[in-house]
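To start, the structure itself, in structure tokens.
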Amino acid sequence: MTTNKVTFGFFDEDAKKEIRRASLKAVALPGYIVPFASREMPIARGWGTGGLQVTLSLITEEDTLKVIDQGCDGSVNAVNIREFIVSVTGVKQTMATPEATVIQTRHRVPEYPLTSNQILVYQVPIPEVLTIVEPDTAKQKEMHASVDYSKLWVLLYEDTSQFGDSRISSRYPVRVNDHFVMDPSPIPKYDIPKLNNNPSLQLFGAGREKRIYAIPPYTKVEPLKFTDREFIIEDFGDKCCERCGATDVYLDEVHQEDGVHFFCSDTYHCDTNKNEVEDAA
Amino acid sequence: MLLELDDVSKVYGVSCGNCLELTGDSSECAICPECNAVVAVNRVNLSVEENEIVGVVGESGSGKSTLLQMIYQDQKATSGEIYFNGLKDSNGNKLSLFNLPSGKTSWVRNHEMSMIYQNPHLGLNFNFSAGGNIAEKIIGSGEKRYQIIRDRALHFFGKIEMPTSRIDDYPEAFSGGQQQRIQIAKALSSSPRLLLLDEPTTGLDVSVQAKILDLIKALQYEMGFSMIVVSHDLGVINHLTDLTLVMKNGCLVEYGLTDQILEDPQHPYTQLLVSSKL
Ligand SMILES: Nc1ncnc2c1ncn2[C@@H]1O[C@H](COP(=O)(O)OP(=O)(O)OP(=O)(O)O)[C@@H](O)[C@H]1O
Ligand SMILES: [Mg+2]
Ligand SMILES: [Zn+2]
């Protein structure tokens, strides 16, 4: 007998099991890239299908979902992904970071601190951190196996020699659990310190490249940097969000005809901050 | 004893098991008549002391590069052992380079040995600046302080008599002789105990060659490391080395003081080599 009922979470149980198994292996080997059989999705690859598959494999009826694209719940991509997941699972959705149990994200870590009840799923375009210095995949594997990241260090050396600091502004390489070095996805340097010792489970899914990797809760994560140099994150000087007045957040630079404007990149944070400021007044 | 080779062989292809006996010095052939495997190196024994400079000569295909590659662990030997600098296992037995735990292998390569190749594309990463190439070796030897890495790179860049203003230039911006100098700076920047040189000056102008050989010699004298130099050119061997080994069909056929070998070669093959080349 056939039914038209869509399976919970879009995939059949075998597919979900395979993705979960890859995720478990990734959790067991923090920062290690695990291959999985990336599936066809009703969304084009390169639009978050890696993150989407991870989310669908682990989400349950009890979960509450939040999806953000560059910090924003309302962007077209975020809305599409969220509506798709809700349509195949019926889970609750939210924009409130603390209410969410599963957060799928592209290019940001939420400003609101995460808890051990939350899972953060990153959409990843390029999972292999070594591609910039070594195109040969066999050699990349060897370098990970012998924990030899000297080529990445040379890149840092060259930038420091020629420009005074690393020129990498997003996808800054991080060392996980004092071992593997991994690509944290294109989040800004501003978000890198938040990866360290984070209570939430952080999973990274790359759909096109068919790879999953993970940072388990409370894991040491450090940016790759020389011991005699500081890791310098984006500095917005005396700029604040024009909408809510926040200064201690990552700001988006918006270029308009009348000049440059600054707004919170994290829209939920901006909304709550604005309300608090107004309530206090 | 810094380096000890004990019956080291390398066979390319599937061996019939008798290749080593069926090839070599006496058989006039390095290809096994039974199974057609190539015996690149055939049961070589060799000891190199601290500070010693050993030359390796022999015709094309005699196994010189393969020998160096096995010492540097670019190639795994088919049989035999290579002992380095008294490395021992936890029971105090001599530990062959081939049996090192994987972390230790890269440690030996990064800290204790360096290789200079004839082709600068093998020894240098052309996507990195000259300074970046030198830094790679220093970083590989465990240094993670930028200022120390930069200062040491500048120091060795100066040692090869290059203007320090050019340290951030990329390899293609340098001449062939300068690229070899950069390889030297890179190789020495980790202060290795053993420097392996595979035809370091072949293909360069004679005047450029002489300057590079003088530089190598001066740095060896100053820093005090052992060297194994492979060369076709008996002039290079004469200029640089104390001891010479002669290879033929993968076998070591003669080994002794360089002066003696060049003046009074014993093996007929060496006699041929010396008479034709000098
Ligand atoms: N990867 C390989 N596969 C198969 N055979 C090889 C390989 N590398 C080397 N050989 C063979 O092993 C033998 C020794 O080669 P090797 O490069 O060590 O000689 P060489 O003495 O350095 O020669 P040259 O003076 O020309 O550099 C040659 O017969 C060569 O063809
Ligand atoms: Mg050779
Ligand atoms: Zn704001």
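The values are calculated or read from the model by the stated rules, or taken from the named source; none is laboratory data. Computed from a prediction, not measured in an experiment: that's the story for all the values here. Glycine gets a Cβ as well: all are built from the backbone with ideal geometry, and neighbour counts include every protein chain shown. Each accessible area value is taken on the protein alone, full model and side chains, heavy atoms only, with ligands, DNA and RNA left out. Shrake-Rupley method; radii C 1.70, N 1.55, O 1.52, S 1.80 Å.
The table below lists the values:
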{"quantity": "Charge sum, other residues only, whose C-beta stays under 15 Å from A:Lys139's C-beta, Lys/Arg counted +1 and Asp/Glu -1", "calculated": "-4"}
{"quantity": "A:Ile132 paired with A:His255, simple spin-label distance in nm, labels 7 Å along Cα-to-beta-carbon", "calculated": "2.2 nm"}
{"quantity": "Backbone HN-Hα couplings from phi across segment B:117-126 [Karplus 6.51/-1.76/1.60, Hz, Gly and Pro as x]", "calculated": "9, 4, 8, x, 5, 7, x, 10, 8, 6"}
{"quantity": "Residues with amide H under 5 Å from that of B:Ile53, placed H, sequence gap 5 or more", "calculated": "B:Met227, B:Asp242, B:Leu243"}
{"quantity": "Cα pair count fraction exceeding 15 Å, expressed as % - segment B:1-92", "calculated": "62 percent"}
{"quantity": "Options A:Ala246, B:Ala130, B:Ile182, ranked by Cα towards positive dipole end of the protein assembly as shown, top entry (Cβ charges)", "calculated": "A:Ala246"}
{"quantity": "Zone residues, segment A:186-216, relative to A:Asn177, backbone N less than 17 Å from point 7 Å out along Cα-to-Cβ", "calculated": "A:195-205, A:212-216"}
{"quantity": "Local electrostatic count at B:Leu2 - Lys and Arg +1, Asp and Glu -1, tallied over other residues with Cβ under 12 Å", "calculated": "-4"}
{"quantity": "GNM flexibility winner over chain A from A:Gly51, A:Gly71, A:Gly164 (Cα, springs under 10 Å)", "calculated": "A:Gly164"}
{"quantity": "Estimated FRET transfer efficiency (A:Thr7, B:His232; beta-carbon r; R0 60 Å; 0.05)", "calculated": "0.30"}
{"quantity": "In nm, spacing of pseudo-spin labels at A:Arg167 and A:Lys92 (7 Å Cα→C-beta vector)", "calculated": "4.8 nm"}
{"quantity": "B:Ala218 paired with A:Asn275, simple spin-label distance in nm, labels 7 Å along Cα-to-beta-carbon", "calculated": "7.5 nm"}
{"quantity": "Anisotropy class of segment B:156-228 from Cα gyration tensor, a/c 1.5 cut", "calculated": "oblate"}
{"quantity": "Relative contact order (percent, whole number), chain B, Cα cutoff 8 Å, 6+ residue spacing", "calculated": "25 percent"}
{"quantity": "With all protein chains modelled, accessible area of B:Ser90 [1.4 Å, Å²]", "calculated": "120 Å²"}
{"quantity": "Phi to ³J(HN,Hα) by Karplus 6.51 cos²θ - 1.76 cosθ + 1.60 over segment A:212-218, Hz, x for Gly, Pro", "calculated": "10, 9, 8, 10, x, x, 6"}
